[in-house]
1. Is it true that some residue in the stretch 312-322 is small (Gly, Ala, Ser), free of Cβ contacts under 8 Å to residues at least 40 places away in the same chain and in a strand (DSSP E or B)?
2. Report whether or not residue 249 is in contact with a helix residue (DSSP H, G or I) (Cβ under 8 Å, 6 or more places away or on another chain), crowded, with 17+ Cβ neighbours inside 10 Å and modelled with pLDDT of 95 or more.
3. Residue pairs, Cβ under 6 Å, 6 or more apart or interchain, first in the stretch 263-282 and closer than 13 Å to residue 319 by Cβ, second surrounded by fewer than 23 Cβ atoms within 10 Å (Cβ to Cβ) and β-branched (Val, Ile, Thr). List them.
4. Checking the condition assigned to a loop (DSSP other than H, G, I, E, B), surrounded by 17 or more Cβ atoms within 10 Å (Cβ to Cβ), touching a strand residue (DSSP E or B) at 6+ places or on another chain (Cβ under 9 Å) and modelled with pLDDT under 50, which residue from 12, 42 passes?
5. Name every residue in the stretch 102-126 that is part of a loop (DSSP other than H, G, I, E, B) and within 22 Å of residue 59 (Cβ to Cβ), in order of residue number.
6. Identify all residues within the stretch 127-143 that are assigned to a loop (DSSP other than H, G, I, E, B) and β-branched (Val, Ile, Thr); write none if there are none.
7. Residues 146, 242: which one is more than 12 Å from the chain's Cα centre (by Cα) and not in a loop (DSSP other than H, G, I, E, B)?
8. Could you list all residues from the stretch 252-268 that are surrounded by fewer than 18 Cβ atoms within 10 Å (Cβ to Cβ) and within 16 Å of residue 197 (Cβ to Cβ)?
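The values are calculated or read from the model by the stated rules, or taken from the named source; none is laboratory data. Every value quoted in this text rests on a predicted model; they were computed, and no experiment measured them. Cβ placement follows ideal geometry from the backbone for every residue including glycine, while neighbour counts extend to all protein chains displayed.
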Amino acid sequence: MSSRYKLRGRVPAVRVFWTAGILALALVFTRPGAAAVLDVAPSGGSLAQAIATAAPGDVLRLRPGRYRGPVMLDRAVTVLGSPGTVIDGGGKGRVMTIAAPGVVVRGLTIVNSGDSLAEEDSGIFVTREGDGAVIENNRLERNLIGVYLKGPERARVLGNTIIGRRDLRMNERGNGIQIWNAPGSVAEGNDIRHGRDGIFVTTSKDNVFSGNRIRDLRIAVHYMYTNRSEVSGNVSTGNHVGYAIMYSRAVTVRGNASHGDRDRGLFLNYTNGSRFEGNDVRGAEKCVFVYNANKNIFRGNGFRECGIGIHFTAGSERNEISENAFVNNRTQVKYVGTRQIEWSHRGRGNYWSDNATFDLDGDGIADRPYRPNGMFDRVVWRTPVAKLLINSPAVQVLGWAQTQFPALHPGGVTDSAPLMRPPAAARPGEG
């Protein structure tokens with residue numbers, strides 16, 4: 001028997017060959033209970049026939065060529081492709097559906113799903129029966145939704161390239177990876193481009209999204225009603241929004257980059273009890289936008305070269321903001337509220353690139369508190385044309401008066417222990 005059909009440590013007992021047109025399907029069975037390897041070549045119906053023949057645990061090795069979808073994996077098989085192995089949905093429905101636990105799909109190119117969002121047309125669709133599915137090192141192109149995890153537990157989407165639709169308006173497109181109620185599932189090391197959102201998750205928990213590269217979309221990572229999860233080490237480039245954490249709690253957002261995202265790098269909306277640490281955000285209109293988000297921790301982040309460093313509004317309270325670097329933002333802070341809030345913790349505040357001050361005792365803490373907004377800032381927020389007066393003698397006198405008489409300051413942010421240099425965790429390439 002050819003060595004490529006041998007299973008290490010097992011002696012094949014039966015060998016069956018079946019040909020139909022250019023079909024070459026080889027089944028190798030071992031002693032009862034052992035897995036078989038099925039070599040499949042492209043031909044009409046060959047893949048569906050191989051799946052129907054396979055037993056749980058079998059391996060389907062697909063030779064290069066084009067296979068017709070839709071494909072239903074309703075048993076625990078492993079499907080392996082090679083360069084040039086393409087499964088084509090023909091523009092209708094879901095190209096591949098996983099409806100059994102323990103399925104592995106690796107090394108395929110999957111193309112041309114249908115275009116109905118209502119029908120959830122996808123390149124790979126995993127049902128609630130698909131617990132523990134592994135979708136790894138595939139290429140998905142011209143599908144409405146790239147990979148959809150709808151209900152399985154502990155599924156893993158690893159190292160895939162997902163290129164969405166560009167021929168539709170953005171709101172008509174699907175997401176690269178879409179997740180609904182898939183606790184414990186992981187998306188790691190994927191490269192996602194075009195479409196609507198890169199990773200969209202709703203009504204889930206205990207998920208990890210790590211090391212993904214996401215660009216040219218509406219939102220790179222979009223959370224809705226998802227708790228106790230992690231977003232770490234991702235890179236968002238050229239999207240409208242980098243990381244939108246909405247209606248969620250106990251989320252850790254750590255070590256991510258948002259470079260050149262158009263509107264917002266980090267966007268919090270009804271986000272509570274979460275941690276944002278060591279993220280590098282630069283070049284957005286707003287590095288951070290915080291709306292009605294409470295009891296969050298921002299520590300060791302770099303917010304650079306944005307129109308607004310951080311925008312706080314809608315009663316966001318009891319947030320800890322310390323040891324961040326606010327560098328070269330046109331407006332460092334826009335705070336909409338009347339309360340006095342403190343942005344330092346245990347004697348350490350944040351670094352502010354526009355804070356012209358001294359450190360006479362050499363302890364690394366500026367000698368005076370930093371207040372990023374004054375009375376004139378509020379006038380400019382309400383009436384932007386007032387910026388024309390920013391260098392007028394009257395405005396300069398007002399600024400001087402506020403430094404001499406702090407009681408003139410409106411309610412807003414005070415950093416009582418501003419740092420003289422950026423903390424290590426907030427420097428580019430560190431932390």
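1. yes
2. no
3. Filtered contacts from the stretch 263-282: 275/252; 275/297.
4. Numbers: 42 fails: modelled with pLDDT under 50.
Of the residues listed, the single one that is assigned to a loop (DSSP other than H, G, I, E, B), surrounded by 17 or more Cβ atoms within 10 Å (Cβ to Cβ), touching a strand residue (DSSP E or B) at 6+ places or on another chain (Cβ under 9 Å) and modelled with pLDDT under 50 is 12.
5. If we filter the stretch 102-126 for residues that are part of a loop (DSSP other than H, G, I, E, B), which is where we start, we get 102-103, 107-108, 112-121.
Across the stretch 102-126, the qualifying residues are 102, 103, 107, 108.
6. Selection gives 127 alone.
7. Working: 242 fails: more than 12 Å from the chain's Cα centre (by Cα).
After ruling out the rest, the residue left standing is 146.
8. If the condition is that a residue be surrounded by fewer than 18 Cβ atoms within 10 Å (Cβ to Cβ) and within 16 Å of residue 197 (Cβ to Cβ), then 262, 263 are the ones that fit.
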